[in-house]
Amino acid sequence: MSEGYRIANPNLAKDGWVQIEWAEHHMPVLISIREEFSRSKPLEGLRVSAVLHVTKETAALVRTLKAGGAEVWLAGSNPLSTQDDVAAALAEDGIHVYAWRGQKPEEYYWCIKQVASVGPHIIMDDGADLHAYLHSEGAEIGRNVWGGTEETTTGVIRLRALEREGKLQYPVIAVNDSLTKYLFDNRYGTGQSTIDGILRATNILIAGKVFVVAGYGWVGRGIALRARGMGARVIVTEVDPIRALEAVMDGFEVMPMSKAAELGDIFVTATGDKDVIVKEHMLKMKDGAILANAGHFNVEVSVKDLEDIAVRKRIIRKYITEYTLKDGRRLYLLAEGRLVNLVAAEGHPSEVMDMSFSNQAYAVKYIAENKDSLQRRVYTLPRRIDEDIARLKLKSMGIEIDVLTEEQKRYLSSWNLGT
Ligand code: ADE
């Protein structure tokens, strides 16, 4: 059983504490849940293992679970996204952190194994790599898990596939599917942090650029909205006719990637699927085109194809790799094709993670309280909890809303009252 921690540098803890303080200052809903957890200790004596991006916001979450009585193990959910100073502060705080920035794939999976090996009661995941481990090599451990949560669209897709095949070992709360998660985190969180990542990596001017967004789910919408807000001419590519139609009526140009490839200055993938930008597209791109990914895994831009068609490769800034093609054209890949917002920037702002991670905290509590009645299925948190989080968030922003009168409630629940 793994009890300790493995991080880059314990001496960074002092810097990490300041970052955590900054995040917590901007996460009032989660902090109010922490106060409630400190009093009621809903997780007393529980082992919680998490695979989440190790950021200052995740620190606020795991410290909340600890305040609720849990012992927490934490591994990163991407080899390049860990904030090493935050990891050091968490280790100092008694969280068993297994994460450092710049992991090799085998180190990344080793860390996941460490947090699984403690035999957790409840697990939290972002992308479902821990869930996948507990359903394959680690199935023996998975059989004793009470339940788990999943943070992101990609992870929920993997878990629903397990559920469909009748192989899900324990109940899962799809935190991603709470309204107070995807409507805000996926749209405004990724919308802003993806642009932030591109800007920190490149310092280019967005205004006037042709900005191609692949995928018009909540993430793609957020990115398209923010890119337009900064003066880009935005093209959307889609495979779903309804989403494509929405993009058209939201005022974006819509076309296949094979056409957009010739026009774009900046490309961002946000589909959750593989091979969205491949060789045939790359060969049509303009000299200087920038390629970035906002989807969970590094499969959307085919890095292998880039490597195949390039005659020269060099790192020109921290998160920019230049690939020169045979005819001299240069393509620039950001963050090695991994989540540009978490690699080149700091992920979503704390204010939006406040809601996502309040859902995570309540989901863990929900599993602890309902473990005997939950089935091996993928659940969404009850609407009541979603609304509570929205109310708390509004309150923290000093915003009041109207309340229905009894008469109005009656009207809404009747069928016989017309004009
Ligand atoms: N996913 C996206 N942004 C994040 C953040 N700031 N912390 C943890 N996970 C994230």
> Which whole-number value in Å³ per residue fits the convex hull of the alpha carbons of the range 1-149?
Replying inline: 97
> PRE reach from Ile315 (point 7 Å along Cα→Cβ): which of the range 330-365 fall under 20 Å by backbone N?
Replying inline: 331-347
> How far apart, in nm, are the 7 Å Cα→Cβ label points at Thr324 and Asp402?
Replying inline: 6.5
> Given 0.36 nm per residue, what is the gain on full extension from Arg410 to Glu253 after removing their alpha carbon distance, in nm?
Replying inline: 52.1 nm
> For Met257, Met230, Met124, Met27, what's the fewest-to-most ordering of other Cβ within 10 Å of each Cβ?
Replying inline: Met230, Met257, Met27, Met124
> Taking the DSSP beta bridges in the range 185-340 as the whole, what percent of them are antiparallel, to the nearest 5?
Replying inline: 35
> Which percent of Cα pairs goes in each bin when the distances of the range 281-419 are cut into 10 angstrom slices starting at zero?
Replying inline: 9, 23, 18, 18, 17, 10, 5, 1
> Does anything in the range 144-163 have its amide N under 20 Å from the 7 Å Cα→Cβ label point of Ser373, and if so which residues?
Replying inline: 146-149
> Can you list the equivalent-ellipsoid semi-axes of the range 103-233, largest first and in whole Å, using the square root of 5 times each Cα gyration tensor eigenvalue?
Replying inline: 35, 17, 11
> Quick one: Kirkwood hydrodynamic radius for the range 194-309, alpha-carbon pairs, angstrom, one decimal?
Replying inline: 13.9
>> Greater than 18 Å separation of Cα atoms is the criterion. Which listed pairs, Lys284/Lys326; Lys279/Lys313; Lys209/Lys259; Lys14/Lys41; Lys41/Lys365; Lys56/Lys365, meet it?
In response: Lys14/Lys41; Lys56/Lys365
>> Placing one identical point scatterer on every Cα of the range 257-299 and ignoring solvent, what is log10 I(q)/I(0) from the Debye formula at q = 0.17, 0.26 Å⁻¹?
In response: -0.42, -0.93
> If R0 is 41 Å, what FRET efficiency do you get for Ile242 and Asn9 from their C-beta distance, rounded to 0.05?
Replying inline: 0.25
> For the chain, what is the percent of antiparallel DSSP beta bridges, rounded to the nearest 5?
Replying inline: 20
> If you take the square roots of the eigenvalues of the alpha-carbon gyration tensor of the chain and sort them as a ≥ b ≥ c, do you get rounded (a/c under 1.5), prolate (a/b over b/c) or oblate?
Replying inline: oblate
> How would you rank Lys304, Lys393, going from fewest to most other Cβ atoms within 10 Å of each one's own Cβ?
Replying inline: Lys304, Lys393
> Among the GluC sites (Glu not before Pro) within the range 42-100, which fall in a DSSP loop and have no more than 12 other Cβ atoms within 10 Å of their own Cβ?
Replying inline: Glu44
>> Are there any GluC sites (Glu not before Pro) in the range 320-419 that are in a DSSP loop and have at most 12 other Cβ atoms within 10 Å? List them by number.
In response: Glu400
>> Between Leu394 and Glu44, what is the label-point separation in nm under the 7 Å Cα-to-beta-carbon projection?
In response: 3.5
> Over the chain, what is the relative contact order in whole percent, taking alpha-carbon pairs under 8 Å and six or more residues apart?
Replying inline: 17
> Name the GluC sites (Glu not before Pro) in the range 106-156 that are in a loop by DSSP and that have at most 15 other C-beta atoms within 10 Å, would you?
Replying inline: Glu137
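Readers should treat all values here as calculations from the given coordinates under stated rules, not as data from a laboratory. Source: prediction; values computed, not measured. Every residue, glycine among them, receives a Cβ derived from its backbone with ideal geometry; neighbour counts consider all protein chains shown.
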